[in-house]
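S.K.: This is the structure I have questions about; it appears just below.
The values are calculated or read from the model by the stated rules, or taken from the named source; none is laboratory data. Since the model is a prediction, treat every value here as computed from it, not as a measurement. Here the Cβ is made from the backbone with ideal geometry for all residues, glycine too, and neighbour counts use every protein chain on show.
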Amino acid sequence: MADDDFRVFNTYYGIYVSDWEETYPGFANHHMFLVDEYINEGCSCITSSRASDTNEFLYPHYIKETYFIEGIIKGHVSFACSGCTGYITDYRVTVCKVNTDTTKTELFSTGWQTLNHTLGWDGTYPSITENILGERVYPFWIPAWDKKILTKEDRIFLKIETDSNNCVVLWHSNDSTWEDVKIEIPFKL
């Protein structure tokens, strides 16, 4: 393998931290983050958000002077019902960047994925059984062969959008036994 073909695959998890916030251009007092490992379970976190909202998970740290995203981005997102029957029609996952002048740019996306799923309420979260009723995990693979250049002025973030209604929420708890939002990004450094 040539040196210029070398990739680093970083895995990130989406969580919502109650007692820490970041402000970066385009993200004021932000609590939703991509982390490379889960935080201690004693950390105060919010376990879910309305899926009908646009949810953006920021990786607030500097990665390298100049780097590229190139390869196959893969991961999954989780949705659940919160107290009654819910419906999820479609979803879209996008890897984006934001720079110091607050410009948000979509880099790679799944496009809108049509589901038309009903999510029932089972009263527990997570119901880690073979018959998952209230929670659904949706995998994704995003081709990222049109490499995008990023610099030290950029921060990456994951944007999750849905067309859903009637009590459907996006799960993003700080719990390694049930990985709610997970993404693996191939970087060329």
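S.K.: Go through segment 1-49 and report how many residues are surrounded by 14 or more Cβ atoms within 10 Å (Cβ to Cβ) and closer than 21 Å to Trp178 by Cα.
M.R.: Final tally of qualifying residues: 20.
S.K.: Name the residues in segment 36-60 that are closer than 15 Å to Val93 by Cα and either modelled with pLDDT under 90 or not aliphatic (A, V, I, L, M) (or both), would you?
M.R.: Listed by number, the residues that qualify are Ala51, Ser52, Asp53, Thr54, Asn55, Glu56, Phe57.
S.K.: Could you check segment 12-59 for strands (runs of 3 or more DSSP E) lying wholly inside it with 1 or more residues that are without any contact (Cβ under 8 Å) to a residue 60 or more places away in the chain?
M.R.: The qualifying strands (runs of 3 or more DSSP E) are 22-24, 27-30, 32-35.
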